[in-house]
Amino acid sequence: MEWNNRSEVWAHFIMAVCGGFFGGYAIFGRMAVFGSAQTANLIELVGDILGRNLTDASLRLGALLLYAAAMVIFVVLRKKTPLNLKYLAIAVDAAAAAATAAMPEQMDPVLALYPVFFAMSFQWCVFKGAEGYACSTIFSTNNLKQTVLSFTEYFMVREDDEEERTKKLKKGRFFGETILFFHASVAAAFLALHVMGLSAVWLVMLPLFAGLVITELQEGVIREWMARLVMKKKKIA
């Protein structure tokens, strides 16, 4: 049980690294378009509509629809299929990296980040947190809020209430560490873009592979599938 809990936490941190890299890549490599969230996109969409820039409005509407579509697909798959969606989320992220790498540098940045909008939305739905905490791996606003609130409450709790202080400290550390992993990866994306250009997006495959390994250690789906395949071959033989 302890291993499962720790592996869940490390899977969460690794996916935060992936989210941070995609976020940094989008901001630094694609003209400050943040492909992991919709707040800025919706604000720009309203501006484009009011400014009668229908081309840009259409592109931003497409990004919104892709973001929402990933959520719909997640719910349908979770309710209607036995699939382990952690594996699928990692595969979707890898496909998004490959698709984004193929986008020309001169392409409209919103259009170029369509794969990222979809993948980050799906990742957000699948990797929702760990240790009972709802914690995003694709952006930091609520994580910052929870970190600040938890540490503030930790210092305000009476010293003799050790259980409550421990609880607040644990929560603050979890959200704070998520922020650190996320933004360390943002820094890595910044440096990689300066060295490799837009092809730097391929580097996200490293944490994705690590995420796949730890997910397999935790879930054992691939091992189970291989064992069934071997048993089936033995029966045929």
Given (i) 1.11; (ii) 1.04; (iii) 0.97 as possible values of Rg/Rh (Cα atoms, Kirkwood Rh), the one from the coordinates is (ii)
When 18, 125 are arranged by how many other beta-carbons sit within 10 Å of their Cβ, fewest first, they go 125, 18
Cα convex hull volume per residue for segment 127-234, in Å³, equals 134 Å³
Surpassing 32 Å at the alpha-carbon level, of the pairs 86/170; 80/232; 79/232; 128/235; 86/171, are 128/235
Among 210, 194, 134, the residue whose Cα sits farthest towards the positive end of the charge dipole of the chain (+1 at Cβ of Lys and Arg, -1 at Cβ of Asp and Glu, taken about the Cα centre) is 210
Restricting to Cα pairs under 8 Å and 6 or more apart, the percent relative contact order of the chain works out to 34 percent
Ranked from fewest to most other Cβ atoms within 10 Å of their own Cβ, 226, 103, 205 fall in the order 226, 205, 103
As straight-line cross-link partners of residue 167, the qualifying lysines (C-alpha separation under 18 Å, not fewer than 8 residues apart within one chain) are 145
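Each value in this text was obtained by applying a stated rule to the coordinates, not by laboratory testing. It should be emphasised that the depicted structure is a prediction, and the values quoted were computed from it without experimental measurement. Here the Cβ is made from the backbone with ideal geometry for all residues, glycine too, and neighbour counts use every protein chain on show.
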